[in-house]
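Novice: Can you keep this structure in mind? I'll have questions shortly.
Taken together, the values in this text are just the output of simple stated rules run on the coordinates, not laboratory data. Note that the structure is predicted; figures quoted are calculated from it, not measured. Please note: Cβ atoms are built from the backbone with ideal geometry, for glycine as well, and neighbour counts cover all protein chains shown.
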Amino acid sequence: MDPPSAHVQQQWKDKLIGKKIVDSPSDHPEDLPQGPQAHRVIPPGSMVTKDFRPSRMNVHVDDEGNCTHINFG
């Protein structure tokens, strides 16, 4: 699959950067955006696979769960 357009990627960045991200909808459903089907939340120091999936959104969070940046791949 191809990566989302630059416009769509920027929309996700605008929507998520600086916001608290939760993995479980039972925590705070309003904080869990409906992201691309292929996505992962990456806390500091986490190990991640190196497989490249252009359509997968990687949401990087700090120790408090706030989104610091997003990339696709």
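Novice: Taking 0.36 nm per residue of sequence separation and subtracting the Cα-Cα distance, how much length would be gained by fully extending the chain between Asn71 and Val22, in nm to one decimal? Each step should come with its number before you reach the end.
Specialist: Details: separation 49, 0.36 × 49 = 17.64 nm, distance 1.76 nm.
Using 0.36 nm per residue and subtracting the Cα-Cα distance, I get 15.9 nm.
Novice: Something else: So for each of 55-68, 4-17 I average, over its residues, the number of other beta carbons within 10 Å; can you give me the resulting order with the highest mean first?
Specialist: Values: 55-68: 15.8, 4-17: 13.1.
Order by mean packing, descending: 55-68, 4-17.
Novice: By how many nm would the segment from Asp63 to Val8 grow when fully extended, if each residue of separation counts as 0.36 nm and the alpha-carbon distance is taken off?
Specialist: Numbers: separation 55, 0.36 × 55 = 19.80 nm, distance 2.66 nm.
The span from Asp63 to Val8 would gain 17.1 nm if fully extended.
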